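Structure record follows, encoded as C-alpha cells.
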Amino acid sequence: EAGADPNTLQYTAVNPPDADLDYAVELAEENPGLTITGGARDTFDRLAERGYDGRVAIRINPGIGTGHHEKVATGKDAKFGIPYEQVPAVAEDVADRFDLVGIHAHAGSGVLHDDLDDHCRAIGKVADMGRRVGEVTPLSFVDFGGGFGVPYREDEEPLDMQVVGEKVREAVGDLDARIKLEPGRYVVADAELVLTEVNTIKEAPAATVVGVDASLATLIRPAMFGSYHPIRNVSAPGRDAEPVSVGGPCCTSADVFCTDRPIARPERGDLLAIGNAGAYGYELANQFHSQPRPAEVAIEGGESRVVRERETLADVTRTER
Ligand SMILES: Cc1ncc(COP(=O)(O)O)c(C=O)c1O
C-alpha cells in the first residue's frame, strides 16, 4: 500500500506473531521475489508448516553489539538471530527446505565514531559467515543491517561516509554476493522535529520548570534511552538563554526533555522545537494517559501539508468497550 513492489522487499521480524507470518506467506505466494528473514529455527519450522518453500534469509547473531545504548545493541542480544556457531548447521537445514538467498544481521543503532571499529568488526564476522554459508549454497546477498548514527549534541561530528565506506569495504573483504545495508536513522533522523507549546513556567528552588504539551508519549527517546535532543525556542530565539528543565504532562519524572539546559528564556505560549526527532520518534509515540497523538505535517518544495491527522480523544477511546 505504501507503493513498494513486494518482490523487492525483505521481511525481517523477530518472534513474528502467527497473523504476521500468515500475511507474509500469503504475500510471497503472489510475489515470489519477497524474502522472509528468520532468526530462530522455530521461525523456519513455522514457515514450513504453512507450506512455504520460497526465498529466505537467515538472521545471524554476530556476538558483537554496537550503538548509542545497551537497549539497541542487538548484535550481542540472544533475542536476535541464530547463535553464530549454529549458523552453518542451520543453513544446511534451511537450504534443504527453502530457497536460501541471504544472510542478515543488525549489530546495533546510532553508531558514531567511537563505535565504528566495533561495528565493522561485527560486519567482518557476518561477511566471514557469508563466505562459510556460501560454500553450502550460493548466496545472492549478505545484509549488514542498519546502524549508522547522526549527531544529536551540538558538538558531535557527523560520520564521514567516505571513511565509513572504506572501513566497511575493508571489513567485508572478498565476497561472492551483493552487499546490502538497511539504514534507518541515518536517512530520517534530521527530517523531523517536534513543535510543542509552553503552557507552564514554574520557578522552583531547584530549577526553572517549563511545562509543555508534548510528552514522553510523543517522543520517548529521552525517557527510554536518556537521549539528548536539541531544543530551541523558535518563538523568541533572541531572548537571553536561561537554564531550564522542560517536561510534559505525564505523571512520571521520566517525562522530561532536558534538565538545566540553557534555552532562550521560554514564556507561556512560546513554541519550542525539539530537533532530530525523525528516527524512532513518531513510530514510538503512544497514548499513555489517553493522550491523543499529534498531527504530522510534511514540508515539500516550500509547501506544507498534513500527512497524519491529529488524533482526538474519540480516536483514543474508539475501541474501548
Ligand atoms: C533489522 C533492522 N534493520 C535496520 C534497522 C535500522 O537501523 P538504524 O536506524 O540504526 O539504521 C533496524 C532498526 O531497528 C533493524 O532492526
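The values are calculated or read from the model by the stated rules, or taken from the named source; none is laboratory data. As the structure is a computational prediction, the values presented were derived from the model and not from experiment. Glycine gets a Cβ as well: all are built from the backbone with ideal geometry, and neighbour counts include every protein chain shown. These accessible areas exclude ligands, DNA and RNA; they are computed on the full protein's heavy atoms, side chains included. Shrake-Rupley method; radii C 1.70, N 1.55, O 1.52, S 1.80 Å.
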Just one of (1) closer than 30 Å to residue 192 by Cα; (2) part of a strand (DSSP E or B) trips up residue 101, so point out which.
-> (1)
Applying the selection to region 1-53, what residues are within 16 Å of residue 90 (Cβ to Cβ), part of a helix (DSSP H, G or I) and either open to solvent by less than 60 Å² (accessible area, probe 1.4 Å) or not charged (D, E, K, R) (or both)?
-> 43, 44, 45, 46, 47, 48
What number goes with the only condition from (1) open to solvent by 30 Å² or more (accessible area, probe 1.4 Å); (2) in contact (Cβ under 8 Å) with a residue 12 or more places away in the chain; (3) away from the ligand (no atom under 16 Å from the Cβ); (4) in a loop (DSSP other than H, G, I, E, B) that residue 170 does not pass?
-> (4)
Checklist (1) surrounded by fewer than 16 Cβ atoms within 10 Å (Cβ to Cβ); (2) part of a strand (DSSP E or B); (3) in the same structural domain as residue 299 (by TED's automatic domain parsing) applied to residue 239, failing item = (2)
For the subset of region 270-290 comprising residues that are of a type outside the set (A, V, I, L, M, F, W, C) and open to solvent by less than 40 Å² (accessible area, probe 1.4 Å), which member is farthest from the chain's Cα centre (by Cα)?
-> 270
Note on region 91-114: residues modelled with pLDDT of 95 or more and farther than 14 Å from residue 139 by Cβ are 93, 96, 97, 106, 107, 108, 109, 110, 111, 112
What pairs come up if the first residue lies in region 231-248 and is β-branched (Val, Ile, Thr), the second is open to solvent by 60 Å² or more (accessible area, probe 1.4 Å) and outside any loop (DSSP other than H, G, I, E, B), and their beta carbons are under 6 Å apart, counting only those six or more places apart or on different chains?
-> 234/271
Residue hits (region 189-211; more than 30 Å from residue 112 (Cα to Cα), open to solvent by 30 Å² or more (accessible area, probe 1.4 Å) and in contact with a Pro (Cβ under 9 Å, 6 or more places away or on another chain)) are 199, 201
Give the number of residues within region 80-112 that are more than 11 Å from the ligand (Cβ to nearest atom) and in contact (Cβ under 8 Å) with a residue 24 or more places away in the chain.
-> 18
For residue 131, are the conditions met, namely being more than 21 Å from residue 78 (Cβ to Cβ) and either over 23 Å from the mean Cα position of the chain (by Cα) or within 16 Å of the ligand (Cβ to nearest atom) (or both)?
-> yes
Considering only region 245-266, how many residues are in a loop (DSSP other than H, G, I, E, B) and open to solvent by less than 60 Å² (accessible area, probe 1.4 Å)?
-> 6
Verdict on residue 298 being open to solvent by less than 80 Å² (accessible area, probe 1.4 Å) and either over 28 Å from residue 226 (Cβ atoms) or in a helix (DSSP H, G or I) (or both) | yes
